[in-house]
Amino acid sequence: MITIDNLTKYYGKHLAVNNISFTINDNEILGFLGPNGAGKSTTMNMIAGYLPMSKGKINVLGNDISKAPAAAKKCIGYLPEIPPVYPDMKVHEYLKFCAGLKSVPISKRKQQVEYVMERLKVTDVQNRLIKNLSKGYKQRVGFAQALLGDPKFLILDEPTVGLDPNQVVEVREIIRELKKDHSVIFSSHILSEISAVCDRVVIINKGEVKAIDTIENLESSFNSNLVLNIQIDGNKESISNVISGVEGVDKIIEVQPVKASINVYRVALNGDSDKIRNLIMSALIKNNYTILEIFTEKPNLEDVFVKLINQPTKRDSLHDLLESLGSDDKDADNPDNPYNNVPKEDK
């Protein structure tokens, strides 16, 4: 297990990661989801030991990455967003070189290199210069180096960026297979990627964790804001009045015409969705309207993501407070400004 406690990172006065905490469990795929600039890559770099933290603690299988970096990093394989490959080396040369850097015993290097080349399907290009490979193959080679040394944890930062659809599917399958022997933290801003492979997700925005849970639980938590679709034959205005008069109906979002007097009413609910749906149906039947079709639009990860990302962060609230007090949070001469009370830039 990897535990991240109160992890914080400043770049000068800019707060990139703000006091975040979560865990990476054994044999799970943890999605790290957020918009561009949310702090995902910075967090990945700190967990991998590539970037020093300003504050906090990262513990990898009992090893504090600040106090025992070699022992902690030995348990981690890292694929940055831009694969760390040497373009003028051949694939097998590069992987042998990486195996040496990771202190893989000489007697096991050939076997491990062949294993990762086979698993990432780059054996057929092992004698080609990396600079002559396609982006998809370069990504696979970078992925292969992360597997060398058989690390318990794999950190993958945007592993499918720039790949074509077939390559994306292949990478997904590889990640799923790796779960059998490894734990994977998989960073992306592409919602479909997270939904396709991850067991749990961490949603981050402006350096702050907005949610940590399974995708199913996150979607279920928004069930009080469902949208009901009802196809009904009858006068549009009268039906709209009946629906709007039901307790728990937030609003009619839109009315979509089907044919003649048949329309689909998209109704936003606020509360117990099953109870409100039954009340709507009872009201329509009482007024002699025939319900042709009814179904509920359940929130998906995209809906959850958008709602969470649009929630104000702690920094937004602080900024609003400073403005309400008439303070300028960018005023370097103001000793009471908390934006100025930050550590010096990491060197």
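Nothing in this text is a laboratory measurement; each read-out follows from the coordinates by a stated rule. The structure presented is a predicted model; accordingly, all values stated were derived computationally and were not measured. Here the Cβ positions follow ideal geometry from the backbone for every residue, glycine too, while neighbour counts run over all protein chains shown.
What to note about this one:
- Antiparallel DSSP beta bridges within the chain, percent to nearest 5: 70 percent
- By the compact-protein rule of thumb, 2.2 N^0.38 Å, the alpha-carbon radius of gyration of the stretch 1-132 corresponds to a ratio of 1.22.
- For the chain, the Cβ-based charge dipole about the Cα centre amounts to some 1480 debye (Lys, Arg positive; Asp, Glu negative; other atoms uncharged).
- Residues Met1, Met117, ranked from the fewest to the most other C-beta atoms within 10 Å, line up as Met1, Met117.
- Taking Cα centre as origin and charging only the Cβ of basic (Lys, Arg, +1) and acidic (Asp, Glu, -1) residues, the dipole magnitude of the stretch 223-298 rounds to 80 debye.
- Taking other residues whose beta carbon is less than 11 angstrom from the beta carbon of Phe97, and scoring Lys, Arg as +1 and Asp, Glu as -1, yields +3.
- Residue order, fewest to most surrounding Cβ atoms within 10 angstrom, among Cys75, Cys98: Cys75, Cys98
- Environment charge at Lys152 (Cβ cut-off 13 Å; Lys +1, Arg +1, Asp -1, Glu -1): 0
- Relative contact order, percent, the stretch 223-298 [alpha-carbon distance under 8 Å, six or more residues apart]: 47 percent
- With eigenvalues of the C-alpha gyration tensor scaled by 5 and rooted, the stretch 159-203, Å: 16, 14, 8
- Amide hydrogen neighbours beyond the local backbone of Tyr11, cut-off 5 Å, H modeled: Ala16
- According to the Cα-based calculation, Rg over Rh for the stretch 223-298 is 0.92, with Rh computed by the Kirkwood formula.
- Options (i) 26, 55, 18, 1; (ii) 25, 42, 26, 7, 0; (iii) 31, 58, 12, 0 - which one matches P(r) over Cα pairs in 20 Å bins from 0, in percent as calculated here: (ii)
- Surface/4 of the Cα convex hull for the stretch 186-255, nm²: 7.1 nm²
- Likely footprinting exposure, Leu292, Leu226, fewest C-beta neighbours within 10 Å first: Leu292, Leu226
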